[in-house]
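Worksheet for the structure shown next.
The values are calculated or read from the model by the stated rules, or taken from the named source; none is laboratory data. Since we're looking at a predicted model, the values are computed, not measured. Heads up, the Cβs are rebuilt from the backbone with ideal geometry, glycines too, and the neighbour counts pull from every protein chain shown. Heavy atoms of the whole protein, side chains included, go into the accessibility calculation; ligands, DNA and RNA do not. Shrake-Rupley method; radii C 1.70, N 1.55, O 1.52, S 1.80 Å.
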Amino acid sequence: MKKIEAIVRPEKLEPLKDALLKQQVNGLTINQVLGCGKQYGFTEYVRGNTIIMNTLPKIEIMLVVPDERLEEIIETIISIAQTGKFGDGKIFVTEVTDCIRIRTKERGEKAL
Ligand SMILES: Nc1ncnc2c1ncn2[C@@H]1O[C@H](COP(=O)(O)OP(=O)(O)OP(=O)(O)O)[C@@H](O)[C@H]1O
Ligand SMILES: [Mg+2]
């Protein structure tokens, strides 16, 4: 099992959620977050003053998927979240060692 953490632009939440649910993912968790990438946010000039915004609002979508579905889901996320401009976001992938459905005590992939 793999955990996918995708950090995307807030306006991509709805289309991404629709696409992932259409692909019948097992479940997902959504967080509103603040973050920055290598540009450290952005700089704005207001009435002669420089304001540096270090972090920008983003949406984090977390889902755990069977190994064989990883690439398909990464492709879906990219196809929706990519605009080609700075700040499109990032996808982190980590190994998940177990999953437990609390209601039934099922373990592993069948509990996803
Ligand atoms: N190395 C990182 N660790 C944790 N979170 C990150 C990391 N890089 C990016 N993020 C998260 O992803 C969001 C979007 O990052 P962003 O797309 O700006 O990355 P980038 O490396 O600056 O790429 P780009 O040059 O395309 O803007 C950030 O606001 C932050 O929440
Ligand atoms: Mg950036």
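Roughly how many Å² is the accessible area per residue of the chain, as a whole number, for a 1.4 Å probe? Numbers along the way, then the final one.
On the way: 7710 Å² over 112 residues.
For the chain, the per-residue accessible area is 69 Å².
Please report, as a whole percent, how much of the solvent-accessible surface of the chain comes from carbon and sulfur atoms (probe radius 1.4 Å).
On the way: 4120 of 7710 Å².
About 53 percent, which is the carbon plus sulfur part of the accessible surface.
Kindly express, to the nearest 10 degrees and within the range 0 to 90, the angle between helix 70-81's C-alpha long axis and the longest C-alpha principal axis of the chain.
30
Under a straight-distance cross-link criterion of Cα-Cα below 14 Å, which aspartates and glutamates are reachable from LYS3, leaving out those fewer than 8 residues away in the same chain?
Qualifying aspartates and glutamates at Cα under 14 Å: GLU60, ASP67, GLU68, GLU71, GLU72, GLU95, ASP98, GLU109.
Given the peptides 95-107, 71-83, 3-15, arrange them by the average over their residues of other C-beta atoms within 10 Å, most packed first.
Details: 95-107: 10.2, 71-83: 14.8, 3-15: 17.2.
The peptides rank, most packed first, as 3-15, 71-83, 95-107.
Separation between the ASN26 and GLN39 pseudo-spin-labels, each 7 Å from Cα along Cα→Cβ, expressed in nm?
3.7
How tilted is helix 13-22 with respect to the longest principal axis of the chain? Cα atoms for both, answer in degrees (0 to 90, nearest 10).
Result, in degrees: 20.
Using a Förster distance of 25 angstrom, determine the FRET efficiency expected from the C-beta separation of LYS90 and ILE51, and round it to 0.05. Spell out each step's value before the answer.
Working: r = 25 Å, r/R0 = 1.00.
It comes to 0.50.
Stretched out fully, how many nm does the piece from GLU71 to ILE102 gain, at 0.36 nm a residue minus the Cα gap? Please report the intermediate quantities before stating the final value.
Working: separation 31, 0.36 × 31 = 11.16 nm, distance 2.79 nm.
This chain segment gains 8.4 nm when fully extended.
Where does the chain land on the Kirkwood hydrodynamic radius, alpha-carbon pairs, in angstrom? Don't skip to the answer; put the middle values down first.
Numbers: mean 1/r = 0.0641 Å⁻¹.
That comes to 15.6 Å for the chain.
How long are the three semi-axes of the equivalent ellipsoid for region 62-109, computed from the Cα gyration tensor as the root of 5 times each eigenvalue, in whole Å, largest first?
Here the semi-axes work out to 29, 11, 9 Å.
Past 25 Å, Cα to Cα: identify those pairs from LYS22/LYS85; LYS22/LYS90; LYS2/LYS105; LYS17/LYS105; LYS22/LYS105, in the order given. Mind dumping the intermediate values first?
Numbers: LYS22/LYS85 27 Å; LYS22/LYS90 22 Å; LYS2/LYS105 20 Å; LYS17/LYS105 28 Å; LYS22/LYS105 27 Å.
Those over the limit are LYS22/LYS85; LYS17/LYS105; LYS22/LYS105.
What share of the DSSP beta bridges in the chain is antiparallel, in percent to the nearest 5? Before the final figure, lay out the partial values.
Numbers: 26 of 26 bridges.
In the chain, approximately 100 percent of DSSP beta bridges are antiparallel ones.
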